[in-house]
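Note sheet for the following structure.
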Amino acid sequence: MTVSVGDVAPQFSLPDQDKQVVSLADLRGTPVLVVFYPFAFSGRCTGELCQLRDELSEYTDAGVKVLAISTDAVFSLKAFREKEGFQFPLLSDFWPHGSTAQTYGVFNEKAGMALRGTFLVDADGKVAFAEVNEPGDARQQSGWKDAVARLAA
């Protein structure tokens, strides 16, 4: 079952591209945009995350921390981050494979990858925005920005 608006966001602790563990619980008190994506280096995922990179100040200026999660290994994420110049953590949900994506209801069991799930978690740990797109269905980030604006208001 997918996490919905109003739900308490499921907690997770995942290694980033530098093998440093990032925990949602440690970010309590700060809004967090959690962006699940299928694979590093894939065309659509790269495009979405590059748009997020280019517009990152719209989130950070509103006090929102951005976390991107895939089922890739940390080594791939490190190379992906360096190649694209991402200034937000890329978290690895590699092992147990896809367990965090499963908890959020955005794991494609057959393909072994995360769907395009986007969740804005407010400072109190509740989901303020939730959207799930299928692997080939590109996201419109305007919905995320609107949710951040509502949260900041």
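The numbers here are math on the coordinates, done by the rules we state, and not lab data. A quick note: this is a predicted structure, and the numbers were derived from the prediction, not measured. Note that each Cβ is placed from the backbone with ideal geometry, even for glycine, and that neighbours are counted across all protein chains shown.
In region 27-78, what residues are among the hydroxyl-bearing types (Ser, Thr, Tyr) and part of a loop (DSSP other than H, G, I, E, B)?
As a first pass, look at region 27-78 and keep what is among the hydroxyl-bearing types (Ser, Thr, Tyr): 30, 37, 42, 46, 57, 59-60, 70-71, 76.
30, 37, 42, 71 - these are the residues of region 27-78 that are among the hydroxyl-bearing types (Ser, Thr, Tyr) and part of a loop (DSSP other than H, G, I, E, B).
Per-residue answers, yes or no, for (1) of a type in the set (Phe, Trp, Tyr); (2) touching an Asp or Glu at 6+ places or on another chain (Cβ under 9 Å); (3) assigned to a strand (DSSP E or B):
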residue	(1), (2), (3)
83	no, no, no
94	yes, yes, no
105	no, no, no
127	no, yes, yes
132	no, no, yes
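Could you tell me how many of the residues in region 43-85 are closer than 22 Å to residue 105 by Cα, within 13 Å of the chain's Cα centre (by Cα) and of a type in the set (Lys, Arg)?
1
Restricting to region 112-127, name every residue that is more than 12 Å from residue 37 (Cβ to Cβ) and out of contact with any Pro (no Cβ under 7 Å at 6 or more places or on another chain). Give the steps one after another, and end with the answer.
First pass over region 112-127, keeping only residues more than 12 Å from residue 37 (Cβ to Cβ): 112, 119-127.
Passing the criteria: 112, 119, 124, 125, 126, 127.
Of 34, 74, 66, 22, which residue is touching a Lys or Arg at 6+ places or on another chain (Cβ under 6 Å) and either surrounded by 15 or more Cβ atoms within 10 Å (Cβ to Cβ) or without any contact (Cβ under 8 Å) to a residue 24 or more places away in the chain (or both)?
Working: 34 fails: touching a Lys or Arg at 6+ places or on another chain (Cβ under 6 Å); 66 fails: touching a Lys or Arg at 6+ places or on another chain (Cβ under 6 Å); 22 fails: touching a Lys or Arg at 6+ places or on another chain (Cβ under 6 Å).
Of the residues listed, the single one that is touching a Lys or Arg at 6+ places or on another chain (Cβ under 6 Å) and either surrounded by 15 or more Cβ atoms within 10 Å (Cβ to Cβ) or without any contact (Cβ under 8 Å) to a residue 24 or more places away in the chain (or both) is 74.
State whether one or more residues within region 3-17 are of a type in the set (Val, Ile, Thr), in a loop (DSSP other than H, G, I, E, B) and surrounded by 14 or more Cβ atoms within 10 Å (Cβ to Cβ).
Start the filter on region 3-17 by keeping residues that are of a type in the set (Val, Ile, Thr), which leaves 3, 5, 8.
From what's left, in a loop (DSSP other than H, G, I, E, B): 3, 5.
Subset that is surrounded by 14 or more Cβ atoms within 10 Å (Cβ to Cβ): 3.
Among the residues of region 3-17, at least one is of a type in the set (Val, Ile, Thr), in a loop (DSSP other than H, G, I, E, B) and surrounded by 14 or more Cβ atoms within 10 Å (Cβ to Cβ), which makes the answer yes.
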